[in-house]
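Enquirer: Supplied in structure tokens, the structure appears directly below.
Read-outs: derived from the displayed coordinates by stated rules, not from any lab. In this text the structure is predicted, and so the values were computed from the model without any measurement. So basically every Cβ, Gly included, is an ideal-geometry build from the backbone, and we count neighbours across all protein chains shown.
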Amino acid sequence: MRTSLKSVLISLLMLSTVFAVDVEGLMAQGNSFYEKGDFKSAISSYEKILKTDMVSTALHYNLGCAYFSQKEYGKAILQFEKARQLSPRDPDVLHNLEYSKLFLKDRFDLPEPMVFVAWFKELRQSLSLAELKFLEEILFSLLIMGVIIYRLSSINSLRRVLLPATMITGILFLFMGGWLIERAVSMDEKHAILLVDEAAVRSAPIPGASTLFVIHEGTSAEILDATESWYEIRLEDGKTGWIIHEAVGLY
């Protein structure tokens with residue numbers, strides 16, 4: 001477990017507009033409490049910042065470290081997952097996320113994916129939303145430039161090179177656009193982490209429905225559907241069922 005806390009720089013404009021909350025001061029206060037071993041007070045300071053709807057890798061990472069120190073592994077994993085969404089290649093975030101999962105009760109024995117599939121999945125997860133947007137803009141610019149030059153050029157040798165290059169750029173543009181849409185959707189709280197010791201996953205979104213199976217703190221799942229009080233979830237091994245809102249945190 002890596003416990004070195006991260007700092008966050010907030011502009012004066014943001015400080016003056018986020019409900020008059022001294023975000024930078026609360027962050028420093030939380031870090032000070034953490035370094036003194038007062039993890040409950042650190043959590044309190046970090047949570048006050050969260051209520052301002054501030055988005056920060058450092059905030060989620062530090063809060064995850066504080067929860068981990070309190071052995072609240074579900075809440076720690078939730079915060080590390082949120083930090084990973086913002087900074088998917090941050091080595092501290094990735095390390096602490098995987099280390100926290102070692103303390104979970106629920107384990108899933110899944111078949112090893114093909115090497116190419118595993119590499120492809122890792123590549124998708126390694127790019128942040130901002131990076132995907134930047135790459136999409138670059139590809140779009142190259143695509144437009146290639147089309148214009150191809151249409152205006154009278155040099156056959158140049159046109160023979162530009163045609164396949166522009167087509168490949170167009171394919172990459174569409175491909176990257178799909179990734180961008182998928183990442184934007186995944187940022188909209190489509191996954192859940194169990195925050196309580198254990199919870200029953202039921203066959204229907206009603207009280208008294210039969211229990212299909214029980215999951216334990218820190219288990220993650222994909223959200224398939226939702227009602228006013230229940231989420232339909234799917235675990236990594238494919239099992240599905242309904243769980244009450246209060247039992248989980250979303251990311």
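Enquirer: Does region 12-101 come out rounded, prolate or oblate by the C-alpha gyration tensor, with a ≥ b ≥ c the root eigenvalues, rounded set by a/c under 1.5 and, if not, prolate when a/b is larger than b/c and oblate if not? Walk me through the intermediate numbers first.
Expert: On the way: a/c = 2.22, a/b = 1.38, b/c = 1.61.
Oblate, because a/c is 1.5 or more while a/b does not exceed b/c.
Enquirer: For region 191-250, rounded, prolate or oblate, judged on the Cα gyration tensor with a ≥ b ≥ c (square roots of eigenvalues), a/c < 1.5 rounded, else prolate if a/b > b/c? Can you show the working numbers first?
Expert: On the way: a/c = 1.24, a/b = 1.21, b/c = 1.02.
In terms of gyration-tensor shape, rounded.
Enquirer: Taking the Cα centre of the chain as origin, work out the dipole magnitude from +1 charges on Lys and Arg Cβ and -1 charges on Asp and Glu Cβ, in debye rounded to 20. Could the numbers behind the result be given before it?
Expert: Values: 25 positive and 31 negative charges, 165 e Å.
Result for the chain is approximately 800 debye, rounded to the nearest 20.
Enquirer: Once the piece of chain linking Glu122 and His216 is laid out straight, how much longer is it, given 0.36 nm per residue of separation minus the C-alpha distance between them? List each step's numbers first, then the result.
Expert: Values: separation 94, 0.36 × 94 = 33.84 nm, distance 2.65 nm.
Contour length minus the Cα-Cα distance gives 31.2 nm.
Enquirer: Straight-line reach from Lys101: which aspartates and glutamates have a Cα under 12 Å away, not including same-chain ones fewer than 8 places off?
Expert: Qualifying aspartates and glutamates at Cα under 12 Å: Glu72, Glu81, Glu217.
Enquirer: Show that you can apply the helix-only estimate: for the chain, add -39,500 (n - 2.57) for every DSSP H stretch of four or more residues, divide by all residues, and state [θ] at 222 nm to the nearest 500. Could the numbers behind the result be given before it?
Expert: Details: 9 runs with 136 residues, N = 251.
Only helices count here, giving -18000 deg cm²/dmol.
Enquirer: Something else now. Taking 0.36 nm per residue of separation and subtracting the Cα-Cα distance, what length does fully extending Ile144 through Gln70 add? Show your work: numbers first, answer last.
Expert: On the way: separation 74, 0.36 × 74 = 26.64 nm, distance 5.37 nm.
Separation in residues times 0.36 nm, less the Cα-Cα distance, equals 21.3 nm.
Enquirer: Determine the alpha carbon to alpha carbon distance for each of Lys48/Lys121; Lys71/Lys133; Lys48/Lys239; Lys48/Lys105 and list only those over 32 Å. Walk me through the intermediate numbers first.
Expert: Values: Lys48/Lys121 35 Å; Lys71/Lys133 37 Å; Lys48/Lys239 36 Å; Lys48/Lys105 30 Å.
Lys48/Lys121; Lys71/Lys133; Lys48/Lys239, as the Cα separations exceed 32 Å there.
Enquirer: Also, I was wondering about something else. List the residue ranges in the chain for DSSP H helices whose C-alpha atoms run 24 angstrom or more along the long axis and whose Kyte-Doolittle average is 0.0 or above. Provide the component values of the computation, followed by the final result.
Expert: Details: long enough: 129-152 (35 Å, 1.53); 156-186 (45 Å, 0.98).
Those that pass (Cα extent of 24 Å or more, hydropathy at least 0.0) are 129-152, 156-186.
Enquirer: About the Cα centre of region 191-250, how large is the charge dipole given +1 on each Lys and Arg Cβ and -1 on each Asp and Glu Cβ? Please answer in debye to the nearest 20.
Expert: Working: 3 positive and 10 negative charges, 33 e Å.
Using only the charged Cβ atoms, the result is roughly 160 debye.
Enquirer: Determine the gain in length on full extension of the stretch Asp38-Val55; use 0.36 nm per residue of separation and subtract their C-alpha separation, reporting nm with one decimal. Before the final figure, lay out the partial values.
Expert: On the way: separation 17, 0.36 × 17 = 6.12 nm, distance 2.38 nm.
Contour length minus Cα-Cα distance gives 3.7 nm.
Enquirer: Here is a follow-up. With each label point set 7 Å from Cα along the Cα-Cβ vector, what nm distance links Leu163 and Tyr99?
Expert: A separation of 5.7 nm, rounded to one decimal place.
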